[in-house]
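Since the structure comes first, as structure tokens, the remarks are kept for the end.
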């Protein structure tokens with residue numbers, strides 16, 4: 001039996017990046033896509049509890065089913081796993097995201113939210129992102145690397161409780177130097193809002209921001225990407241800072 | 001000068017849990033509250049990019065300013081830090097959440113999203129949650145523990161890049177046994193959706209779910225809470241699984 005791959009994203013079911021992922025997956029697996037109806041970037045790990053979800057069938061052929069759902073990326077992945085996959089998926093893929101999810105961006109990313117949720121459900125999962133925000137981004141140079149990493153994970157599995165955050169530099173195929181396994185660089189978004197005045201004279205604030213990375217050693221994803229490599233960061237859904245447990249024992253009562 | 005404490009939550013500016021936190025904070029600090037207009041539970045680390053944010057002044061007195069914002073908890077914390085705090089806050093508090101944010105729940109929680117964002121911005125931050133979902137929950141038994149932990153952090157600071165996820169059992173004051181510093185228990189939400197049929201005969205899916213925890217050793221938050229303790233989990237915004245980096249080196253090209 002061919003493997004079953006579930007695909008989602010946060011740019012919406014019609015995004016070019018998702019279709020690029022389909023292409024790679026359909027060569028080797030049966031594919032089910034369930035992705036948001038519209039752009040859901042920045043939705044992180046959010047879930048929808050205040051209203052029910054609707055699902056629209058976009059395409060249903062042998063080997064490929066595509067559904068659009070009006071929920072978040074995490075909703076899409078969970079709902080597809082429980083109700084739309086004929087069996088437990090062998091692998092969950094998310095992306096290819098239009099824009100970086102390296103470093104601190106993993107926190108905000110709906111693409112990576114879906115990946116982390118899949119990990120929590122015990123599934124192998126990989127998120128892919130290309131460092132190009134354009135809806136017309138060119139995904140062809142990414143595909144051999146996507147295929148390499150998908151093949152590796154299907155053949156070897158991932159360590160328990162681990163998923164992969166893969167970012168791909170915006171380069172021509174021959175300029176990409178290879179693949180590096182890294183940790184997240186330490187960074188943050190500063191100067192996050194622009195204050196403006198509306199035509200009625202009332203203030204509003206619009207999210208913007210400046211990415212500031214002050215620590216990108218050679219072992220980090222930001223270094224890899226800046227130097228022409230695809231970055232692969234193993235991530236997990238446990239936020240505990242284990243070293244700090246001992247340092248905080250004085251808090252105990 | 002009195003310390004400055006910034007408070008937010010995900011239950012909305014009018015929630016009783018937030019007012020309980022105000023009470024503790026106002027005894028020791030100047031307080032600025034910026035919290036969502038309405039319930040924003042389950043919004044995790046999401047941010048609002050597709051529309052601007054509006055802010056409504058609820059109250060402005062010496063020592064206490066309260067604002068409601070139509071953004072997510074992360075939006076609220078960031079916007080208040082940049083535009084509404086007269087100086088950098090000494091501490092960011094989030095909560096007291098109506099309902100548990102222990103274990104895997106930290107992933108979905110808007111309350112904890114705001115805490116993790118504050119950490120990324122280099123601020124000390126603590127999230128508080130009571131294991132009682134009711135809007136009428138009784139917060140009085142929580143307050144001495146909130147005060148103990150806030151006092152500790154104001155006096156000692158937190159280790160770099162670490163914030164605290166504090167959960168409080170639903171018990172009478174005399175039944176709470178103390179405070180334990182823990183790690184997250186491993187758990188997940190299963191059977192997440194209920195499929196229903198609307199009056200027009202069309203299907204919809206509503207999020208529900210069963211909390212399943214299969215590993216709650218004595219060192220974990222679930223054990224502490226089930227045994228009458230307040231749990232304190234140090235968390236951090238780096239999702240890297242460092243041990244897995246070595247295990248995945250075969251992926252490199």
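Each semi-axis of the equivalent ellipsoid for segment B:194-253 is √(5λ) with λ an eigenvalue of the Cα gyration tensor; in descending order they amount to 36, 27, 11 Å. Neighbour counting of Cβ atoms within 10 Å sorts the residues B:104, A:176, fewest neighbours leading, into A:176, B:104. Between copies, the label points at residue A:64 (set 7 angstrom from Cα along Cα-to-Cβ) are spaced 6.0 nm, reported in nanometres from shortest to longest. Averaging Cα coordinates gives a centre for segment B:69-95 and one for segment B:23-66; these two points are 7 Å apart.
Per-residue Cβ neighbour counts within 10 Å put B:49, A:61 in the sequence A:61, B:49, beginning with the fewest. Classify segment A:144-253 as rounded, prolate or oblate from the Cα gyration tensor: take a ≥ b ≥ c as the square roots of its eigenvalues, call it rounded if a/c is under 1.5, otherwise prolate when a/b beats b/c and oblate if not. Oblate, because a/c is 1.5 or more while a/b does not exceed b/c.
Sorted from shortest to longest, the distances between the residue B:154 label points of this copy and the other copies are 5.9 nm, with each point 7 Å from Cα along the line through the beta carbon. For residue A:1, the point set 7 Å out from Cα toward Cβ sits 6.5 nm from its twins in the other copies, listed from shortest up. Counting Cα-Cα pairs of chain A in 5 Å increments starting at 0 gives whole-percent bin shares of 1, 6, 13, 17, 18, 16, 11, 8, 5, 3, 1, 0, 0.
Remark: the Cα gyration tensor places segment A:1-131 in the rounded category, a/c being less than 1.5.
Restricting to DSSP H runs of at least four residues, report the calculated mean residue ellipticity at 222 nm for chain B, -39500 (n - 2.57) per run over all residues, nearest 500 deg cm²/dmol. Result for chain B: -6000 deg cm²/dmol, rounded to the nearest 500. For the pair residue A:133 and residue A:247, label points projected 7 Å from Cα toward Cβ lie 3.4 nm apart. Considering only Cα atoms, the convex hull volume of the protein assembly as shown works out to 156 Å³ per residue. Cβ crowding within 10 Å, taken as a proxy for footprinting-reagent exposure, orders A:148, B:241 from fewest neighbours to most as A:148, B:241.
Taking label positions 7 Å along the Cα-Cβ direction at both residue B:143 and residue A:143, the computed distance is 6.5 nm, reported to one decimal.
Since every read-out is calculated from the coordinates, none of them should be taken as a lab result. Quick caveat, the model's predicted, so the values are computed rather than measured. Positions of Cβ are backbone-derived with ideal geometry, glycine not excepted, and every protein chain shown enters the neighbour counts.
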